[in-house]
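The values are calculated or read from the model by the stated rules, or taken from the named source; none is laboratory data. Here the structure is a predicted model, which means the values were calculated and not measured. In this analysis, Cβ positions are derived from the backbone assuming ideal geometry, glycine residues included, and neighbour counts consider all displayed protein chains. Remember, those area values only see protein heavy atoms, side chains included, never the ligands or the DNA or RNA. Shrake-Rupley method; radii C 1.70, N 1.55, O 1.52, S 1.80 Å.
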Amino acid sequence: MEYSFFTLLFRTAHAQRNYMRPHLSELGLSPGQPKVLRCLATFGPSSQRTLADYCEVDPSAICRILDNMESKGFLSRKTSNSDRRAEEISLTKKGFETFEKWERQCIKLENKMLAGISEKEKQKLSELLSKVYKNMLKDIS
């Protein structure tokens, strides 16, 4: 059976979420929280606004995510040195260790998803998915 591009993308994303869902639970994470971990692990301490932009969610949603993550010990907040009205959010040791565990699962899944695909094909797939994503952003913004 041949599927449309929309259906293939949807089914792939659905399968990916289903594969990763048990790992979220094992790590004590909720959907959306791995993006916060990734942003903080990659870019270091960040503002709530930066995290909201990176995670592509509104500020009220990121506030709830951060409150939950802070209560679980994944991150800490302190007043920013450059702007006393703003908070600087950082990973705790537990948050960084959790990110590393999550990242290992992501790499396992990526290897599974890309098995049998050449490096050249991976590069082309990456380029095409980037274009698809950018096209979607034009209609969302």
What are the ³J(HN,Hα) values, in whole Hz, obtained from phi via the Karplus relation 6.51 cos²θ - 1.76 cosθ + 1.60 with θ = phi - 60°, for each residue of the range 17-33 in sequence order, with x given for Gly and Pro? 4, 4, 5, 8, 3, x, 6, 4, 4, 4, 8, x, 9, 10, x, x, 6
Nearest-0.05 FRET efficiency for LYS78 and ASN18, computed from C-beta distance (R0 35 Å): 0.40
How much net charge surrounds HIS23 when only the other residues with a Cβ under 12 Å from the Cβ of HIS23 are counted, with Lys and Arg +1 and Asp and Glu -1? +3
Carbon-plus-sulfur fraction of the accessible area of the chain, 1.4 Å probe, in percent? 56
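Over the chain, give the accessible area per residue in Å² for a 1.4 Å probe, as an integer.
I get 72 Å² per residue for the chain.
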Residues with amide H under 5 Å of GLU87's amide H, sequence separation 5 or more or different chain, H placed in the peptide plane at 1.01 Å from N; which? GLN48, SER80
In whole Hz, with x marking every Gly and Pro, tabulate ³J(HN,Hα) for the range 97-112 from phi via Karplus 6.51 cos²θ - 1.76 cosθ + 1.60, θ = phi - 60°. 4, 5, 4, 4, 5, 4, 4, 4, 5, 4, 5, 4, 5, 4, 4, 5
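Want the number for ARG85 to GLU56: 0.36 nm per residue separation, take away the alpha-carbon distance, what's left?
Gain on extension, ARG85 to GLU56, equals 8.2 nm.
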Of the listed links LYS35/LYS122; LYS78/LYS101; LYS101/LYS124; LYS72/LYS108; LYS72/LYS120; LYS72/LYS138, those spanning more than 32 angstrom between alpha carbons are LYS72/LYS120; LYS72/LYS138
How far, in nm, would the chain grow between TYR3 and LYS108 when pulled straight, counting 0.36 nm per residue and subtracting the alpha carbon separation? 35.2 nm
Of the candidate values (1) 29, 18, 15; (2) 31, 19, 14; (3) 36, 18, 16, the one computed for semi-axes √(5λ) of the Cα gyration tensor in Å from this structure is (2)
Mean Cβ count within 10 Å, highest first, over the residues of peptides 84-93, 3-12: 84-93, 3-12
